[in-house]
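Worksheet for the structure shown next.
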Amino acid sequence: MNLFDLLESSIYLFIFSISIFLGLLFFTKKSKNKEANLYLGLYLWTIAFSIANHILSHPISKEILGFSFDFIDPFMLILPLLFFYLIKTLNVKKNNWYFLIFLPGIVNSLFIPESGFLFFEFIIYLFEIGLTFFAIKMIKKQERQFQNFYSEIEKKSIQWLKYLFLLNFLIHSLIFCSELINTIQINSIIPESLIPLLFFVILMLILFWIGYNGFNQSEIFREKIFLMPNKGMKIEFKDEQTKVIQNKDLIKENTNKQTFQKEVEQFNDIKQKIDKLELYLDPAINLKSLAEKLGLKESELSHLINRCGNINFYLFINQFRVKKFKKLLTSPKAKQFSIIGLAHEAGFASKSTFYSTFKKIEGLTPKQYEQSLKKSE
């Protein structure tokens, strides 16, 4: 046994242990996302058992233990389990065909030897490319919908899953490349330790990424979210009223100008009511709760915000909070609270949402804005 084999086995055992431990934590974690966490735990344990299969079937096992053992490798089930975690977290209705994504992994585990057929590996690789990009497309679509429903999305973001899918895709790419190298025998061109090293690094990144983000994904999205497209208009927000700038597309689209004008007037009334009653101060407010307070249907409010405001719900509400923060910054409370304290007073639930939204609306950080006020005094 050489030093590289010993190091490789040690790293595999470490990754195996971490995967088992993290998987157990997700199995036992109390959360509204419990069923989704079950899939994430299975995902981690599938990684662990795939590594265990590699260790026990390795020649080094026979050298140390006196025997080697090769059981069914569940590696091709890893990506489908991650996909099911995604759709369960989003509370997306599972189509019957979704279960077919486990079929290639089952076929590979039961009928294809470890040496495999390169053609079948290539088909699996194409399948995984398709599943990865389908999942990323779903994530992007849902992220847009979240911003059209929630005013605070810090712990509701699923962007981390996009990178997790990409890391898994890299793992599968390395395996396919390894099979290809062994088949056409070009090992002399590529260092023997390169692919295992990349494999270890990516696996460690996956485990770190899940440990860092997975436990924060406590939200399971049960609400029906409305996403109304922006069509043919540009709106400029003013404190007093909304100015509608019509273009050619708008003229063609809105044959009934009186109806559209009524919508704009209704939208302005809604803004004034939100501002007067300070409904935005509720840090947990969303499209559904705001619609109830305004006596509107969710779809109606979403339509007005998107169509007459040309903006998503997230920015719509946080504009009021930024305006409130600016007022507080010039009030006696500015001496009593820090910048973050004033942000909480204005309705912001998190520091990250406050800073990102303020910079997007004002073009300055809150600190820069505060300093500009002091200079003007």
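Might you let me know whether the stretch 324-332 holds any residue that is outside any helix (DSSP H, G or I), among the hydrophobic types (A, V, I, L, M, F, W, C), closer than 24 Å to residue 154 by Cα and touching an Asp or Glu at 6+ places or on another chain (Cβ under 9 Å)? There is no residue in the stretch 324-332 that is outside any helix (DSSP H, G or I), among the hydrophobic types (A, V, I, L, M, F, W, C), closer than 24 Å to residue 154 by Cα and touching an Asp or Glu at 6+ places or on another chain (Cβ under 9 Å). Among the residues making up the stretch 352-368, those that are in a helix (DSSP H, G or I) and open to solvent by 40 Å² or more (accessible area, probe 1.4 Å) are 352, 355, 356, 359, 360, 361, 362, 367, 368. In the stretch 301-316, of all residues being farther than 14 Å from residue 270 by Cβ and not aliphatic (A, V, I, L, M), the one that is most open to solvent (accessible area, probe 1.4 Å) corresponds to 310.
In the stretch 317-343, the qualifying residues are those that are free of Cβ contacts under 8 Å to residues at least 24 places away in the same chain and within 26 Å of the chain's Cα centre (by Cα), and the one that is most open to solvent (accessible area, probe 1.4 Å) is 340. Close Cβ contacts (under 9 Å, 6 or more residues apart or on different chains) running from residues in the stretch 88-108 that are open to solvent by less than 90 Å² (accessible area, probe 1.4 Å) to residues that are small (Gly, Ala, Ser) and modelled with pLDDT under 85 comprise 108/116.
Looking across 78, 64, 60, one residue alone is modelled with pLDDT of 80 or more and aliphatic (A, V, I, L, M). It is 78.
Tell me, yes or no, whether the stretch 319-335 has at least one residue that is among the basic types (Lys, Arg) and either touching a strand residue (DSSP E or B) at 6+ places or on another chain (Cβ under 8 Å) or at pLDDT below 50 (or both). Scanning the stretch 319-335, I find no residue that is among the basic types (Lys, Arg) and either touching a strand residue (DSSP E or B) at 6+ places or on another chain (Cβ under 8 Å) or at pLDDT below 50 (or both), so the answer is no. Restricting 165, 83 to those that are crowded, with 17+ Cβ neighbours inside 10 Å, at pLDDT 90 or above and farther than 30 Å from residue 298 by Cα reduces the list to 165. Tallying residues that are surrounded by fewer than 19 Cβ atoms within 10 Å (Cβ to Cβ), in a helix (DSSP H, G or I) and of a type in the set (A, V, I, L, M) within the stretch 275-300 yields 5. Of the numbered criteria (1) closer than 17 Å to residue 146 by Cα; (2) without any contact (Cβ under 8 Å) to a residue 12 or more places away in the chain; (3) not in a helix (DSSP H, G or I), the one residue 349 fails is (2).
If you filter the stretch 138-162 down to residues that are of a type in the set (A, V, I, L, M) and open to solvent by 20 Å² or more (accessible area, probe 1.4 Å), you find that the one that is farthest from residue 83 (Cα to Cα) is 153.
Considering only residues that are of a type in the set (D, E, K, R) and open to solvent by 40 Å² or more (accessible area, probe 1.4 Å), which ones fall in the stretch 264-274? Answer for the stretch 264-274, where residues must be of a type in the set (D, E, K, R) and open to solvent by 40 Å² or more (accessible area, probe 1.4 Å): 265, 269, 273.
The values are calculated or read from the model by the stated rules, or taken from the named source; none is laboratory data. Just so we're clear, the structure is a prediction, and the values are computed from it rather than from any experiment. For neighbour counting, all protein chains shown are included, and Cβ atoms are generated from backbone atoms with ideal geometry for every residue, glycine included. Calculation scope for accessible area: heavy atoms of the full protein, side chains included, ligands and nucleic acids excluded. Shrake-Rupley method; radii C 1.70, N 1.55, O 1.52, S 1.80 Å.
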